[in-house]
Amino acid sequence: MPKIKTHKGVAKVIKKRKNDIVIGHPGSRHNTGKKTTKYNRKLRKGSNLSKGDQKRLKNLV
């Protein structure tokens with residue numbers, strides 16, 4: 001049985017923590033100068049994935 005390869009596209013976007021998977025907010029990569037400071041600050045914090053998505057993506061990372 002071969003090993004399961006890591007999905008590199010998903011691995012760059014999500015971070016695996018002890019009990020859950022954290023993903024960044026969309027819109028925080030570029031063109032942040034025209035967005036408000038409050039909006040940019042809100043994007044810095046990661047958000048948790050839903051339980052269904054965690055089960056689906058757990059094997060890819």
task = Would you compute, from DSSP H runs of 4+ residues alone, the mean residue ellipticity of the chain at 222 nm, taking -39500 (n - 2.57) per run and dividing by the full residue count, rounded to the nearest 500?
result = -7500 deg cm²/dmol
query = What does the charge dipole of the chain about its Cα centre add up to, to the nearest 20 debye, if the Cβ of each Lys and Arg holds +1 and the Cβ of each Asp and Glu holds -1?
reply = 160
Entries in 12/35; 18/51; 8/38 that, when Cα-Cα distance is taken, lie over 22 Å = 12/35; 8/38
query = Put +1 on the Cβ of every Lys and Arg and -1 on every Asp and Glu Cβ in the chain; which of 60, 6, 43 then has its Cα farthest towards the positive end of the dipole?
reply = 43
query = Roughly speaking, what is the stretch gain from residue 5 to residue 22, that is 0.36 nm per residue apart minus the C-alpha to C-alpha distance, in nm to one decimal?
reply = 4.1 nm
remark   = Phi angles of segment 26-41, converted by Karplus (6.51 cos²θ - 1.76 cosθ + 1.60, θ = phi - 60°) into ³J(HN,Hα) in whole Hz with x for Gly and Pro, give x, x, 9, 8, 8, 6, 8, x, 8, 8, 6, 4, 4, 5, 5, 5
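No lab work stands behind these numbers, since they all come straight from the coordinates. Remember, predicted model here, so these are calculated numbers, not experimental data. Quick reminder, even Gly has a Cβ in these numbers, built from the backbone with ideal geometry, and neighbours come from all protein chains shown.
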